[in-house]
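Some notes on the structure that comes next.
The values are calculated or read from the model by the stated rules, or taken from the named source; none is laboratory data. Fair warning: this is a prediction, and the values are worked out from it, not measured in the lab. Reconstructed Cβ throughout: ideal geometry from the backbone, glycine too, with neighbour counts over all protein chains shown. For the accessible areas, the whole protein counts, side chains as well, though only heavy atoms, and no ligand, DNA or RNA atoms are used. Shrake-Rupley method; radii C 1.70, N 1.55, O 1.52, S 1.80 Å.
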Amino acid sequence: MTAQVIDGKAFAATVREKVAGHVARLKADHGITPGLAVVLVGEDPASQVYVRSKGKQTVETGMNSFEHKLEADTSEADLLALIDQLNNDASVHGILVQLPLPGHLNEDLVINSIAPEKDVDGFHISNVGLLGTGQKSMVPCTPLGCLMMLRDHHGSISGMNAVVIGRSNIVGKPMAQLLLNDSATVTIAHSRTKDLPGVVKQADIVVAAVGRPEMVPGDWIKEGATVIDVGINRIDAPEKGEGKTRLVGDVHYESAAKVAGAITPVPGGVGPMTIACLLANTVTACCRANGLDEPEGLTA
Ligand code: NAP
């Protein structure tokens, strides 16, 4: 079997198109422009790239982008004061604080100071609780993107065996919750799981969110399973020249693609869906804030 490739780049483009269409309608019918505020503290190079990309795509879909770049030594009080200001700004519908924060700032405190209805990353404890109890919430972007691709590929995932490898708060746990809410039978595996290959072999759906390059080989995968590879790992690529690197996922793509029914590539799978879902969450937050119908298919 050769797996069907789930093209996250193309799928993300369709999500952005839907977002842009909805933004245009919000402007034309209600005179509302959704706005996303992104707060970056410090100069972490990867974070700077993410923030630039988020701002660019926000503007491309017709929304307002508000970027707040703060010095690395910004005090917690100053950061909390900015969040408070954004919480009370009616033109801001989504607030994202780029993680990781410098060590002197308490991430939990900062995230939990964002108004839950503007928490487009879905990390606020209220949103975690709402998702966990199957209520309407803001859903973390990466697992939301994975869910959208699974729903698109399968229609329904009800009753399927899903194994999520990884139990982080930003990917593994919310992913498991979303799969459960869609009535999959869910197992969460982690570093202490016994017989991981045997556990993965039971899965109709495998979501790998580990952060270990190519850890899941094809012979762990059940014939015909759907494999969603969240991992983004940079490894040396001497074949491309001295000092060159390349990106790989947590799944060994070549061997897994021979067994799986469908698979997301790295790059070009889950990655592009994450920012697309951030834009989707901002539109959803804007509609909720204004008591308007939410766009179809852009949230869980
Ligand atoms: P994380 O917080 O480091 O969590 C990794 C999880 O993997 C932990 O639960 C850990 O188990 C588990 N694990 C580690 N080694 C394992 C092993 N040998 N066997 C089984 N489980 C093992 O990572 P994360 O933030 O969830 O990110 C995971 C990956 O996704 C990373 O590559 C990251 O770059 C990528 N990512 C991609 C996107 C995107 O947009 N595509 C977004 C976020 C993250 P324990 O809990 O037992 O330690």
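Of the listed requirements (1) more than 14 Å from the ligand (Cβ to nearest atom); (2) open to solvent by 40 Å² or more (accessible area, probe 1.4 Å); (3) among the hydrophobic types (A, V, I, L, M, F, W, C), ALA237 misses just one: (2). Is it the case that segment 12-29 has a residue that's in a strand (DSSP E or B) and touching a residue at least 12 places away in the same chain (Cβ under 8 Å)? No, every residue in segment 12-29 fails to be in a strand (DSSP E or B) and touching a residue at least 12 places away in the same chain (Cβ under 8 Å).
When ALA176 is tested against (1) out of contact with any Ser or Thr (no Cβ under 7 Å at 6 or more places or on another chain); (2) open to solvent by 40 Å² or more (accessible area, probe 1.4 Å), just one condition goes unmet, and that condition is (2).
Pairs linking a residue in segment 129-147 that is in contact (Cβ under 8 Å) with a residue 60 or more places away in the chain and within 12 Å of VAL230 (Cβ to Cβ) to a residue that is hydroxyl-bearing (Ser, Thr, Tyr) and within 16 Å of the ligand (Cβ to nearest atom), with Cβ atoms under 6 Å and 6 or more positions apart or on different chains, are CYS141/THR274; THR142/THR274; GLY145/THR274. Restricted to segment 179-202, and to residues there that are more than 14 Å from the ligand (Cβ to nearest atom) and farther than 14 Å from ILE157 by Cα, the residue that is surrounded by the most Cβ atoms within 10 Å (Cβ to Cβ) is LYS201.
For segment 166-247, list the strands (runs of 3 or more DSSP E) that sit wholly inside it and hold at least 3 residues that are of a type in the set (Phe, Trp, Tyr) and in contact (Cβ under 8 Å) with a residue 24 or more places away in the chain; which are they?
Here the list is empty.
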